[in-house]
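Here is the structure we will look at.
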Amino acid sequence: MAEKSLIVIGAGLAGLATGCYAQMNGYRTRILEQHTRPGGVCTAWKRKGYTIDGCIHWLMGATPGSPYHQLYREVGALEGNQLLPLDRLARFLDEASGRHIDVTADLDRLAADMKAISPRDERAINELLEGVRAFREFKLQVDVAAELMGPLDRLAQMWHRRRWLKYLVSYNSPVSVFAARLHSPFLRWVLSNVFTPEAPMLFVLVLLAQLAEGQLASVEGGSLAFALAVARRFQELGEPGFQVVENSTLVKDSLIAGHVQATPGEGQGVRKAKRCILELDGPLLGSQLGDLSAQEGRNAFLKHWISKATLDVLTVQIHRDAKTAMPRVSLGDPVQLGKVAV
Ligand SMILES: Cc1cc2nc3c(=O)[nH]c(=O)nc-3n(C[C@H](O)[C@H](O)[C@H](O)COP(=O)(O)OP(=O)(O)OC[C@H]3O[C@@H](n4cnc5c(N)ncnc54)[C@H](O)[C@@H]3O)c2cc1C
């Protein structure tokens, strides 16, 4: 049987998790990472005696039994890392007036506190809380990737979501749209920053429902420990020589040239694999290929690599701002192209 091999570009959480599952499924996998350590934006650093944690404030699906928790476990993220349940998402404080509100897991208290701040907003507050309560029983699913779903999977998903259809339709607009209905500028500011003003309102409903269900947690060791635990699992699953590559020369020029070049002197020779997964998000890809939007970056990358790559299957993973489903392109027989190393 032909060897199954895979190159993953980018050792952020997505690339590391992909690497773990690929190894578990029999792919000899190498992750190429340009930075000296894995983790991507899930990281922390020291400065003037302080540790600055740059990423995880909360994780969803944090209790055993949730599919997210199972995923965290499978990729090793919980090895040595305790999840600490949150009963408060944040405290919002207006320094000038001293007014504050806690966004708590206790939804009755949250509603009462909001109404005490702005009685005129009672109707919108009730609507918001009704939406949050409705999502308390919503099950987060991670089992089938959207682009791998067949018609039956989609039907099953729609069936599961039928109770929430009205919310899925009505709250697909940005939080800022709902927030604009509030009379109180303070509550408008709070709601807009529970996550981001641009996020769909739906996401805030799910987030607050997760909080109310005790499903949000922080990571005791912080973001870097979380990412390094996944990197360790990837390395444990691999064979010698298939590890995270530090200081990969895979940078902008390599992407533009349409080939992957591993660090010189590493002694492993060129990297060859039948499949390559690019774990950079749209904006990052766009900026590396030029001053392009996420969508333009994706299109340029596909056009360039399809004409040059030696891969038989190329999957591009776009995490943010993608307007269409992730592309999965079959190129038929691999083509060898000059010094191209993938
Ligand atoms: C400030 C902040 C706070 C967040 N808070 C939370 C939170 O509380 N809860 C939560 O669930 N999520 C949170 N997230 C989101 C979550 O952390 C990210 O979605 C996730 O870590 C992204 O992982 P990634 O692998 O997709 O991307 P990245 O982490 O961006 O990884 C991409 C990797 O690719 C590498 N790379 C880039 N170009 C090349 C190249 N040419 N060659 C080789 N390697 C390359 C990069 O160095 C990087 O390591 C937060 C994100 C940020 C930024």
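Coordinate-derived values only; no laboratory data. Small disclaimer: the values here were computed from a predicted structure and weren't measured. Note that we place each Cβ from the backbone using ideal geometry, even for glycine, and neighbour counts take in every protein chain shown.
Here are the numbers:
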{"item": "In the stretch 7-48, the residues that are assigned to a strand (DSSP E or B), in contact with a Leu (Cβ under 6 Å, 6 or more places away or on another chain) and under 10 Å from Phe234 (Cβ atoms)", "result": "Thr29"}
{"item": "Count - residues of the stretch 175-199 that are touching a residue at least 24 places away in the same chain (Cβ under 8 Å) and closer than 19 Å to Gln210 by Cα", "result": "6"}
{"item": "Boolean, Leu155 is more than 30 Å from Thr36 (Cβ to Cβ) and either within 15 Å of the ligand (Cβ to nearest atom) or not in a helix (DSSP H, G or I) (or both)", "result": "no"}
{"item": "Positions within the stretch 27-69 being charged (D, E, K, R) and free of Cβ contacts under 8 Å to residues at least 24 places away in the same chain, in sequence order", "result": "Lys46, Arg47, Lys48"}
{"item": "In the stretch 28-58, the residues that are surrounded by fewer than 23 Cβ atoms within 10 Å (Cβ to Cβ) and among the hydroxyl-bearing types (Ser, Thr, Tyr)", "result": "Thr36, Thr43, Tyr50, Thr51"}
{"item": "Any strands (runs of 3 or more DSSP E) falling wholly within the stretch 56-152 and containing at least 2 residues that are within 16 Å of the ligand (Cβ to nearest atom) and on the phi < 0 side of the Ramachandran plot", "result": "83-85, 88-93"}
{"item": "Pairs, first within 19 Å of Pro174 (Cα to Cα) in the stretch 116-138, second aromatic (Phe, Trp, Tyr) and outside any helix (DSSP H, G or I), C-beta under 7 Å, six or more apart", "result": "Gly131/Tyr171"}
{"item": "Residues of the stretch 31-52 satisfying the condition of being out of contact with any Phe, Trp or Tyr (no Cβ under 9 Å at 6 or more places or on another chain) and more than 6 Å from the ligand (Cβ to nearest atom)", "result": "Thr36, Arg37, Thr43, Ala44, Trp45, Lys46, Arg47, Lys48, Gly49, Tyr50"}
